[in-house]
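What follows is a single structure, written as structure tokens, with notes after it.
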Amino acid sequence: MARMSAEERRESVIRAAMAEFARGGYHGTSTDAIAKRVGVSQPYLFRLFPGKKAIFLAAAERCVEDTIRTFEEASEGLRGKEALHAMANAYTTVIAEHPERMMMQMQMYVAVAAAEEEGDHEFGESVRAGWMRLWDTVHLPLGADVNETTTFLAYGMLINCLVSMGFPPQHRVWEGLYPSARTTGRLQK
């Protein structure tokens, strides 16, 4: 078996960190759990990243980039309502197939709020910069309409909250979402 390069190992740490932080949050996840998931020692983990915060921020960045890529691929060549429905459908499909992405997003927002409360603004700066890249990614396909972009992202946050709280796809709380944003049939447990 070929040995992994440092970059390949770094990538495996980011993926493992996403899964661990998605479940346990920043404060509830140990670097030991991440190292064990990857199959490396903690000292090796800290040769790849200077500390837990750097690992979390790399995982948060990856989470945002994965979501951006989902929206870019779904909306390629589309505009307006066609882009909106394609991106909504792609997102609900992704969170059904990879719930850790949605959970990681939620943990990012909690980590920012906690860090800001403690006077640490680095988390917030990084996550806000990612959010703005996400905003820009959906803004143009939606016709550069601020209201459409706001509504689309608000629906996304509502979907995250409803899924996080465990509302089943057939529950009445889903009825107000446009059909492509509903999770019916995709999030069956």
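Determine which member of the set 108, 104 is open to solvent by less than 50 Å² (accessible area, probe 1.4 Å), farther than 24 Å from residue 86 by Cβ, within 18 Å of the chain's Cα centre (by Cα) and modelled with pLDDT of 95 or more. I'd like the intermediate steps shown before the answer.
Numbers: 104 fails: farther than 24 Å from residue 86 by Cβ.
Testing whether each residue is open to solvent by less than 50 Å² (accessible area, probe 1.4 Å), farther than 24 Å from residue 86 by Cβ, within 18 Å of the chain's Cα centre (by Cα) and modelled with pLDDT of 95 or more leaves just 108.
Restricting to the range 51-69, what's the tally of residues that are open to solvent by 20 Å² or more (accessible area, probe 1.4 Å) and under 15 Å from residue 90 (Cα atoms)?
Selection size over the range 51-69: 2.
The values are calculated or read from the model by the stated rules, or taken from the named source; none is laboratory data. Being a predicted model, the structure only gives us computed values, none of them experimental. Cβ atoms come from the backbone with ideal geometry, glycine included; neighbour counts cover every protein chain shown. Side chains included, ligands, DNA and RNA excluded: accessible areas come from the protein's heavy atoms. Shrake-Rupley method; radii C 1.70, N 1.55, O 1.52, S 1.80 Å.
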